[in-house]
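Visitor: Sharing a structure below in structure tokens format, with a few things to ask.
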Ligand code: UCC
């Protein structure tokens, strides 16, 4: 309170070690790792949490202030197409390499749990990385593709760089997929690959090159003489920072991710190497898409954690109507609701990490492999929606000052908004869930895995939760059967509700499983509360917009 001599200044929200402040993350890791494994990785998680609250965050703020600049012509009139990048952005890359954000997953020192380890690192790194996390998302996919499908001799050098923990050696990879004609419908791509003097050369335009400064990229093109799109590997940059047979049309002005140099480029004969079989490009790039969607999920959980950390900290510092916000009943309930959202999203993200790790190390059962295929779009679309809600509510929880840049909250909301659309919008992902069900028969394993999460629950306080999960699984199963008998338009029109039903139900099963683990160890009942509240909101809303309903929708519009 202000006195005559001392004016009032509000304490701003403070960031402290983001790992130690994240009780949800620490709880889940304790549950999912063997104690000796957790003891091994804990010091690194602590260190990254410290960096994320300190010097890494300072670099991210600097990178956002000093945004990338396209230098199209040099002083003497020559076209150079260079991208000037902030030193802070480069430094964040160096920290990413030193932390082994890619190497951790692919060296697989902890077997399939290495993906979990990596997930925790990306979750902590993301919100203080000025979206350097984006090139890492694409790099992860490129590594997987090069390992699996490229000629080993060709792949050896890029893989060495992409996996390097040495910041002077480390590369990242881009993924150039979107064209003017095709963002979601990639089959409309017009880029061509021509065979010239024994090498492939690419011609066309790529409209959303998310991180143009990456040292290499995977891209799709129509290869001469082959139907369908083919996958190519490109190294676009010369050592002097100029582009090889590529011109840079512009850097995009985006709502968020402002430090990230996203470009439109013209391919004018850049040399490329075919990866895999000609015409197999879309099927191959699905591996990259799926890993990028996993990273998108972690970007969402990272931002949710950060927004909540700031909102909770502030609620303890800000006094209104005679007491701190955290003691105001409605404010408390609002924050608790956001915490439940976050706990659910995090549980799903970490389960996806487990499943991906198992599939990659061939430790997955067929059931787990099927569940992984369907959980990937479901996790991405569900957390993509959550993060915008949570970031927006966190701003509101801080009030007018939450709307002010210095608190760091506006950047979180801007950045959050890319997550429901990057690498597939909510609707595209909902249709991918249908694709996984139709083509890979992924529903049965997904639902069985959901039931298995609650099969071992022994705590009687969780009986209601278990029952709700089982009922929701039955409802989802019945819905799918009736959709299979109905017409395609109906199931597509209902796909988003259905996918969100899968998300809600799977999250409920995971929270219940975790609550049981917590209860059997005699710990607090935090997760029981989270599971009950998550389920209390309702798990499925599967009303099918049939032909008449859609006609009414047309009238509405
Ligand atoms: O544009 C973008 C930038 C936005 C803003 C960027 C700002 C920068 C900030 C970044 C911050 C991080 S993002 C790009 C958005 N576009 C996409 O994500 C693409 C969305 N479209 C899809 O996901 C489509 O479903 C396609 C392209 C994957 C497939 O479409 P098609 O042409 O209909 O293909 P098909 O016939 O359905 O699938 C071809 C094959 C099939 O294999 P088979 O024939 O063996 O069954 C499919 O089963 O690929 C298989 N397949 C998959 N397999 C398709 N998708 C998958 C999958 N997800 N997993 C496994």
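Visitor: Sort through 257, 273 and tell me the only one that's in contact with a helix residue (DSSP H, G or I) (Cβ under 7 Å, 6 or more places away or on another chain), under 25 Å from residue 97 (Cβ atoms) and outside any strand (DSSP E or B).
Guide: Details: 273 fails: outside any strand (DSSP E or B).
Of 257, 273, the one residue that is in contact with a helix residue (DSSP H, G or I) (Cβ under 7 Å, 6 or more places away or on another chain), under 25 Å from residue 97 (Cβ atoms) and outside any strand (DSSP E or B) is 257.
Visitor: Condition first: in contact with a helix residue (DSSP H, G or I) (Cβ under 7 Å, 6 or more places away or on another chain) and closer than 18 Å to residue 53 by Cβ. Now tell me which residues in the stretch 316-336 satisfy that.
Guide: 316
Visitor: Specify which of the listed residues (397, 379) is part of a helix (DSSP H, G or I), touching a helix residue (DSSP H, G or I) at 6+ places or on another chain (Cβ under 6 Å) and within 16 Å of the ligand (Cβ to nearest atom).
Guide: Numbers: 397 fails: within 16 Å of the ligand (Cβ to nearest atom).
Criteria check complete, one pass: 379.
Visitor: Say we look at the stretch 253-273 and pick out the residues that are more than 16 Å from residue 63 (Cα to Cα) and within 15 Å of the ligand (Cβ to nearest atom); which of these is surrounded by the fewest Cβ atoms within 10 Å (Cβ to Cβ)? Reasoning before the result, please.
Guide: Here is the first cut: in the stretch 253-273, the residues more than 16 Å from residue 63 (Cα to Cα) are 263-273.
From the residues that got through so far, the ones that are within 15 Å of the ligand (Cβ to nearest atom) too are 263-265.
Working: 263: 24, 264: 19, 265: 24.
Result: 264.
Visitor: Residue under question is residue 253, and the condition is that it be closer than 25 Å to residue 204 by Cβ, out of contact with any strand residue (DSSP E or B) (no Cβ under 9 Å at 6 or more places or on another chain) and outside the structural domain of residue 345 (by TED's automatic domain parsing); does it hold? Break it down into steps so the answer makes sense when it comes.
Guide: Numbers: closer than 25 Å to residue 204 by Cβ: yes; out of contact with any strand residue (DSSP E or B) (no Cβ under 9 Å at 6 or more places or on another chain): yes; outside the structural domain of residue 345 (by TED's automatic domain parsing): yes.
When the stated conditions are applied, residue 253 passes them.
Visitor: Is it true that residue 433 is within 14 Å of the ligand (Cβ to nearest atom), at pLDDT 95 or above and not in a loop (DSSP other than H, G, I, E, B)?
Guide: When the stated conditions are applied, residue 433 passes them.
Visitor: Related question: Enumerate the strands (runs of 3 or more DSSP E) found wholly within the stretch 165-227, keeping only those where 1 or more residues are under 24 Å from the mean Cα position of the chain (by Cα) and touching a residue at least 40 places away in the same chain (Cβ under 8 Å).
Guide: Filter on the stretch 165-227 gives 173-176, 199-209, 216-223.
Visitor: Take residue 109 and tell me if it is assigned to a loop (DSSP other than H, G, I, E, B) and either away from the ligand (no atom under 16 Å from the Cβ) or without any contact (Cβ under 8 Å) to a residue 12 or more places away in the chain (or both).
Guide: When the stated conditions are applied, residue 109 passes them.
Visitor: Say we look at the stretch 229-249 and pick out the residues that are in contact with a strand residue (DSSP E or B) (Cβ under 7 Å, 6 or more places away or on another chain) and either without any contact (Cβ under 8 Å) to a residue 12 or more places away in the chain or not in a strand (DSSP E or B) (or both); which of these is surrounded by the most Cβ atoms within 10 Å (Cβ to Cβ)?
Guide: 236
Visitor: Check whether at least one residue in the stretch 134-144 is under 17 Å from residue 290 (Cβ atoms), more than 13 Å from the ligand (Cβ to nearest atom) and either part of a helix (DSSP H, G or I) or free of Cβ contacts under 8 Å to residues at least 24 places away in the same chain (or both), and report yes or no.
Guide: Yes, that holds for at least one residue.
Visitor: Hey, among 454, 469, 473, 418, which residue is within 30 Å of residue 32 (Cβ to Cβ), modelled with pLDDT of 95 or more, in the same structural domain as residue 379 (by TED's automatic domain parsing) and not in a helix (DSSP H, G or I)?
Guide: None of the other options fit; the residue is 418.
The values are calculated or read from the model by the stated rules, or taken from the named source; none is laboratory data. Computed from a predicted structure; not experimentally measured. As a convention, Cβ positions derive from the backbone with ideal geometry for all residues, glycine included, and neighbour counts pool all protein chains shown.
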